[in-house]
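> Below is the structure I would like to discuss, written out as structure tokens.
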Amino acid sequence: MMMRAVLRPLAVLSLVALLGACTSPAPKPAVVAPKPVQVSQPVVAAPDPDAVVQSDAASPTPVFDEQYHGPDQGSLESVTALFARGYLESALRETMLAAVQTDYPLLGMRDVRMSDPVSKFLGSAKASGLANDYLRAGVERRLGHPLSAGQWQQIWQGLPKQGRVSDWSLQLKRVLAGR
């Protein structure tokens, strides 16, 4: 019996030790101190004695504006402005775009190429009349003076109606060059 009396407290202690080991929190991982970051000193250039000093008030920073503020593509204003600057191919493409949009309003500039036949864009009397008006206004703006009805009629009749847009460009360049 004595043995039972000695073993019982040992059994209780071992049971407590086992339960304590099962319920104790998991060991925490070792905390590693972060390595110190070396901060390099910025390189400061020596001031240039010959430099011109400007204040911020003298030259404000330009503001970039993504919105286009020019005339609408395919409008009379746009075509005459392109003629005035000498961009004949672009002016002709926009003229053909405006003409074809009288019949097919969903077409865009990607649908107009210099290699396309003119008849593709001048399918109706309304489209042909619009192209006539746009081209006359553009040629007059490029020349810097108005044309008489007879002069313009001669130029309009000289444009190849079965040709390509590039053929019209060549013919108008000849007219504008005075040949």
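> Once label points are set 7 Å from the Cα along Cα→Cβ at both S75 and W156, what is their separation, rounded to one decimal in nm?
Distance between label points: 2.4 nm.
> What is the distance, in nm, between label points placed 7 Å from the Cα along the Cα-to-Cβ direction at Q171 and at A149?
The answer from the label model is 2.1 nm.
> Now for a different question. For R164, what residues show an amide H to amide H distance below 5 Å, using hydrogens built from the backbone and excluding near sequence neighbours?
For R164, the qualifying residues are V118.
> Mind checking the log10 I(q)/I(0) for region 93-167 at q = 0.15, 0.17 Å⁻¹? Debye, one equal scatterer per Cα, no solvent, two decimals.
Debye output, listed in q order: -0.50, -0.64.
> Quickly rank 135-145, 94-104 as a protection proxy: mean count of other C-beta atoms within 10 Å, highest first. Display every interim value, and only then the final one.
Details: 135-145: 16.5, 94-104: 21.5.
Answer by packing, highest mean first, reads 94-104, 135-145.
No lab work stands behind these numbers, since they all come straight from the coordinates. The structure presented is a predicted model; accordingly, all values stated were derived computationally and were not measured. We place every Cβ from the backbone using ideal geometry, glycine too, and count neighbours over all the protein chains shown.
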